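All remarks here apply to the structure that follows.
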Amino acid sequence: MSGTSPNSHRIASDKPFLLGLAVLGGSYLLIIAAMVLADLVYLNYGDRPVLGPERLQQGRYTGGETTVAVEPGRRYFFRRGENEAGLRAGNQTLTRDGSFRADGGTVTLLPRAQEQAAPITASLRPEARVRGIVLSNDVATVTTDVVHGQLWGEFLRVSGADAPGWNGVHEITHTTTNQLSFAVAAGTAAVGSLSLSRPNPLVQALRSRDIRFSIKLSLVSCTLTTLLSLWVAVPIGYVMSRFEFRGKPVIDTLLDIPIVLPPLVVGLSLLILFRYMPEWLSDAVVYKWPAVVLAQFMVACAFAVRTMRVTFDQIPQRFEQVALTLGCNRRQAFWRIIMPQAKGGLLAAGTLAWARALGEFGPILVFAGATRQKTEVLPTSAFLELQAGRTEGMLAVSLIMIAAAVVVFLIARTLGMKRIFA
């Protein structure tokens, strides 16, 4: 009599299944980490020189190497383009972006071997020298020997001054083609020489009055939005979790509309809605800072409602029913039994609403506008920096947003863990 041995059946290994989960989940985490790392690596965190006009003529490589006239003893900044292998200056060859001092009267631009007829894409600009310094009424006016290209409202780092009150970062208050002015401390003595450089984009962003205003408005508006969202999300989430009534599917669908609608449509709908409001109310909200809060609230509150509903669903109704049989009314049972157990969900809903409000852009752009020092929040600042062609400024604002979101999530998770396991 033949039979199957009990030990003949072998259980398949879990390694392929776990490996598949790791690959799928890890790939997404890798993309997120790579995005943040790319932003961090892209920015140049060192000071950069103040540069003069471009010395390379627009054209093509026709005869191989291209010779460019330079001033001996002067420092230049070279940026390699896509069609260049580098730059030869005397005995040194630059293959990366950087500055050098010209020893002779010419330098040679080296094209790639396969790009003999390609356009010139590199850049060669002289570093500006300070030719004169005038101090009048605590305002310093510096004259450069070349066109400096700096704009009013940007920042400069002054170094090498032999008197106190000069060295440090200063905001440019006035510019001409060869002059720029900035304020110094009262009683500052005159100096004979100094050096100028441009601070890194993060310093520029944190020093800018416009971006500092957007940081303050973002923090205030996101906090107000979070408080309003929780104020609305708790009762709605509780009612949707505990009660069955006619029309509940319709309400459930309405709560999902701000989540599924494109953000621009939410802002446009708010703008059209306030056309039918009283004029005094419309004037006080539309294109003012209350419009920022309302635009953030319309989207963030929907996420908070969903979080609170799931939180209340996870709390057994038996706890509440026992409290009712022991003499509590529903209000007392809610505050004494339900809410202490919902603190973790409340914190999660608040964190999600705050982070969602921080990243809101579309409704704010349509409903509140993008006015400097008025309705500008961090996403709007990133948009305005991009529109102005300042990619590094946009990335600096993006890093500020990333840092703010990371800090808030870390604090919330730390506090949440303590409350859950207390």
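The values are calculated or read from the model by the stated rules, or taken from the named source; none is laboratory data. These figures come from a predicted structure and were not determined experimentally. Here Cβ is always computed from backbone atoms with ideal geometry, including for glycine, and neighbour counts include all displayed protein chains.
Determine whether region 244-253 contains at least one residue that is surrounded by fewer than 16 Cβ atoms within 10 Å (Cβ to Cβ) and small (Gly, Ala, Ser).
Initial filter on region 244-253 (surrounded by fewer than 16 Cβ atoms within 10 Å (Cβ to Cβ)): 244-253.
Subset that is small (Gly, Ala, Ser): 247.
Looking through region 244-253, at least one residue is surrounded by fewer than 16 Cβ atoms within 10 Å (Cβ to Cβ) and small (Gly, Ala, Ser).
Can you name the residue in region 313-364 that is over 26 Å from the mean Cα position of the chain (by Cα) and outside any helix (DSSP H, G or I) and, of all such residues, is surrounded by the most Cβ atoms within 10 Å (Cβ to Cβ)? Please lay out each step first, then the result.
Kept after step one, since they are over 26 Å from the mean Cα position of the chain (by Cα), are these residues of region 313-364: 313-346.
Narrowing the set further to residues that are outside any helix (DSSP H, G or I) leaves 314-316, 326-329, 342.
Numbers: GLN314: 12, ILE315: 19, PRO316: 10, LEU326: 9, GLY327: 8, CYS328: 16, ASN329: 9, ALA342: 21.
Only one residue fits best here, namely ALA342.
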statement: Considering region 199-222, residues that are buried (at least 18 other Cβ atoms within 10 Å of the Cβ), out of contact with any Gly (no Cβ under 8 Å at 6 or more places or on another chain) and of a type outside the set (A, V, I, L, M, F, W, C), and then whichever is modelled with the lowest pLDDT, we arrive at PRO199
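Any residue that is free of Cβ contacts under 8 Å to residues at least 60 places away in the same chain and aromatic (Phe, Trp, Tyr) - is there at least one of those in region 33-52?
No.
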statement: Over region 9-31, the set of residues under 38 Å from the mean Cα position of the chain (by Cα) and not small (Gly, Ala, Ser) is PHE17, LEU18, LEU19, LEU21, VAL23, LEU24, TYR28, LEU29, LEU30, ILE31
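Let's see how each residue does on (1) assigned to a helix (DSSP H, G or I); (2) assigned by TED's automatic domain parsing to the domain that holds ARG330; (3) modelled with pLDDT under 90; (4) more than 26 Å from LEU358 (Cα to Cα):
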residue: ARG246; (1), (2), (3), (4): no, yes, yes, yes
residue: PRO249; (1), (2), (3), (4): yes, yes, yes, yes
residue: LEU254; (1), (2), (3), (4): yes, yes, yes, no
residue: MET277; (1), (2), (3), (4): no, yes, yes, yes
residue: SER282; (1), (2), (3), (4): yes, yes, yes, no
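Listed here are the residues, each with its yes/no results for (1) assigned by TED's automatic domain parsing to the domain that holds LEU87; (2) of a type in the set (Val, Ile, Thr); (3) modelled with pLDDT of 80 or more; (4) in contact with a strand residue (DSSP E or B) (Cβ under 9 Å, 6 or more places away or on another chain).
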residue: GLY3; (1), (2), (3), (4): no, no, no, no
residue: GLY20; (1), (2), (3), (4): no, no, yes, no
residue: LEU30; (1), (2), (3), (4): no, no, yes, no
residue: GLY52; (1), (2), (3), (4): yes, no, yes, yes
residue: LEU56; (1), (2), (3), (4): yes, no, yes, yes
residue: ALA69; (1), (2), (3), (4): yes, no, yes, yes
query: If a residue has to be modelled with pLDDT under 90 and surrounded by fewer than 14 Cβ atoms within 10 Å (Cβ to Cβ) to count, how many in region 233-243 make the cut?
result: 1
query: When PRO16 is evaluated against the numbered criteria (1) surrounded by 10 or more Cβ atoms within 10 Å (Cβ to Cβ); (2) not assigned by TED's automatic domain parsing to the domain that holds PHE100, which criterion, by number, is the only one it fails?
result: (1)
statement: Among residues of region 89-125 being in contact with a Pro (Cβ under 8 Å, 6 or more places away or on another chain) and assigned to a strand (DSSP E or B), the residue nearest to GLY64 (Cα to Cα) is ARG125
- request: Go through the residues of region 334-353 one by one and say whether even a single one is within 17 Å of ILE259 (Cβ to Cβ) and either acidic (Asp, Glu) or not assigned by TED's automatic domain parsing to the domain that holds ILE259 (or both).
  value: no
